[in-house]
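Participant: Could you have a look at this structure, given as structure tokens, before my questions?
All of the numbers you see were taken from the coordinates with simple rules; none came from a lab. Model, not experiment: these values are computed from the prediction. Cβ atoms come from the backbone with ideal geometry, glycine included; neighbour counts cover every protein chain shown.
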Amino acid sequence: MTQKKALSILKTGANVFLTGEPGSGKTHMVNEYAAYLRGQGIEFAITASTGIAATHINGMTIHSWSGIGIKNKLTKYDLDKIASSGYIANRVRRVKVLIIDEVSMLSSDTFSMVDVVCRKIRQSSEPFGGIQVILVGDFFQLPPIIKTEFGDNNQAELLKKSIGRFAYDSPAWTRANSIVCYLTEQYRQDDKDYLAVLSAIRRNVFNGNHLRCIKIRKIEYHSAPSNIPKLFSHNIDVNRVNGEMLAKLSGESQEFIMFSQGVKALVATLKKSCLSPETLCLKVGAAIMFTKNNLKKGFVNGTLGMVERFEKISGYPIIKTRNGRKIEVEPMDWTVEENGKIRGRITQLPLRLAWAITVHKSQGMSLDAAVMDLSDVFEFGQGYVALSRVRRLSGLHILGWNERAFQVHPEVLAKDESFRLASEEAEIMSL
């Protein structure tokens, strides 16, 4: 389905599941529909299943928006308490459209709880209390996060197996009766051979021919390009590489401190989710990656470059991008907006060190090139997410892989086929 057709369906007011392969323009569609709603004076809420995803769309987590927080289940007492909260109740009553991004990472139980809260507050038996619900995501990507009782520093602890408990397993998903809009245009990858590899992984037909394409791009660690990001499965590898590489550079380190204002809890969520750190340490020669979009200045989230120098008067870094463009980078805002008002804001340079990043935090990014170590991949879809960040095969530099790196969740395979068929039917019905 084209973006144009999907947007026309969104405008009908029906519940919609907006899906498609990485790079098909799902986030762009969210922004387009949000702009339309603003123009029509229709109140809406933009939310996401994770804080990282929420920062990409200037929204808040669905957990915060609905008032369920970190709860795994709702008792009658919990539900009554949420419904009696004037602040939460008012925003749920006012909103006409609820957008939930990265729904693939939302558990079935959480999805059901949001539905219950909306119906309770709005005193309506309709799905989500009659709110138009726009569900956005790709179930082939990272599955629901399962909370553990351990620390949150280990990437493996944050991405436990979902045991098939996807949002579409919830009875609330069935009741919502969403129209499926499966986007088929491709705006990230422009390499037919690489697209064939990614499509093979997605359709579970990855074979020796596809593996040969991957093997061609295999390199040894000592020969890895130093000016492009490395993707790892675990945080410990990311922190080690970034620290080591910055320390190797001569010259004085410049620190840039994040500024914040607004509701304390929302600011805390923004800080935790923002890809730019609270304290950004840079040196001349540091490999960096932009973490926001600014088309006028010539960068997007994922654009790579290097610190060439620091501007004498402002002190801000001058970044030379990989295509040779020089950009003086000034602070930008990450915000949580509600009913047209900003409730939380953090301000920082839209940069982070780019020698290494986790696969988890790379979801939603488009990268010119990347070095990947997929030998410790532990989750279905993790390798697919990493590989699909890169635009073309020539931008892939792979250190290693395991069998899981080219596997997607077996349950999702069958479900995805039903989504494709439903989308085709929706397109025919809308003619």
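Participant: Could you list K272, K120 in order of exposure, starting from the residue whose Cβ has the fewest other Cβ atoms within 10 Å?
Facilitator: On the way: K272 13, K120 17.
Lowest count first: K272, K120.
Participant: Can you flag which of K76/K96; K215/K326; K341/K361 are past 30 Å Cα-Cα?
Facilitator: K215/K326
Participant: Would you mind telling me the antiparallel percentage of the DSSP bridges in the chain, rounded to 5?
Facilitator: Around 50 percent of the beta bridges assigned by DSSP in the chain are antiparallel ones.
Participant: While we're looking at this one, here's another question. Tell me, C274, C281 in order of fewest to most beta-carbon neighbours within 10 Å?
Facilitator: Final ranking by Cβ density, sparse to dense: C281, C274.
Participant: Hey, another quick one. Shape call for the range 192-406 from the C-alpha gyration tensor, a ≥ b ≥ c root eigenvalues: rounded (a/c under 1.5), prolate (a/b greater than b/c) or oblate?
Facilitator: It is prolate, given that a/c is not under 1.5 and a/b is the larger ratio.
Participant: Just add up the charged neighbours of Q363: K/R +1, D/E -1, any other residue whose Cβ is under 10 Å from the Cβ of Q363.
Facilitator: So the surrounding residues net to 0.
Participant: Helix 26-40 sits at what angle to the longest principal axis of the chain, using alpha carbons and giving 0 to 90 degrees rounded to 10?
Facilitator: Compared with the principal axis, the helix lies near 50 degrees.
Participant: Restricting the count to DSSP beta bridges whose residues both fall in the range 192-406, what percent are antiparallel, rounded to a multiple of 5?
Facilitator: DSSP beta bridges in the range 192-406 are roughly 70 percent antiparallel.
Participant: Arrange E252, E427, E43 by Cβ neighbour counts within 10 Å, fewest through most, would you?
Facilitator: Listing E252, E427, E43 from fewest to most nearby Cβ atoms yields E252, E43, E427.
Participant: Sticking with this structure for a sec: After finding the eigenvalues of the alpha carbon gyration tensor for the chain, what semi-axes result from the square roots of 5 times each, listed largest first in whole Å? Don't skip to the end; give the middle numbers.
Facilitator: Numbers: eigenvalues 236, 144, 83 Å².
Output for the chain: semi-axes of 34, 27, 20 Å.
Participant: According to the square roots a ≥ b ≥ c of the eigenvalues of the Cα gyration tensor, what is the shape class of the range 212-268, taking rounded for a/c under 1.5, prolate for a/b larger than b/c otherwise, and oblate for the remainder?
Facilitator: Taking the square roots of the gyration eigenvalues as a ≥ b ≥ c, the range 212-268 is oblate.
Participant: Per residue of the chain, what 222 nm ellipticity follows from adding -39500 (n - 2.57) for every DSSP H run with n ≥ 4, rounded to the nearest 500?
Facilitator: -10000 deg cm²/dmol
Participant: Straight-line reach from K320: which lysines have a Cα under 18 Å away, not including same-chain ones fewer than 8 places off?
Facilitator: Within the straight-line cut-off, K320 pairs with K283, K292, K296, K297, K312.
Participant: Just to confirm the number: angle between the C-alpha axis of helix 410-429 and the first principal axis of the chain, 0 to 90 degrees, nearest 10?
Facilitator: Here the helix axis deviates by roughly 60 degrees.
Participant: Near K4, which lysines are there with a Cα under 17 Å away, not counting those fewer than 8 places off in the same chain?
Facilitator: Leaving aside lysines fewer than 8 places away in the same chain, those within reach of K4 are K26.
Participant: Among G130, G364, G69, which one moves the most in a GNM of the chain with springs linking Cα atoms closer than 10 Å?
Facilitator: Residue with maximal mean-square fluctuation among G130, G364, G69: G69.
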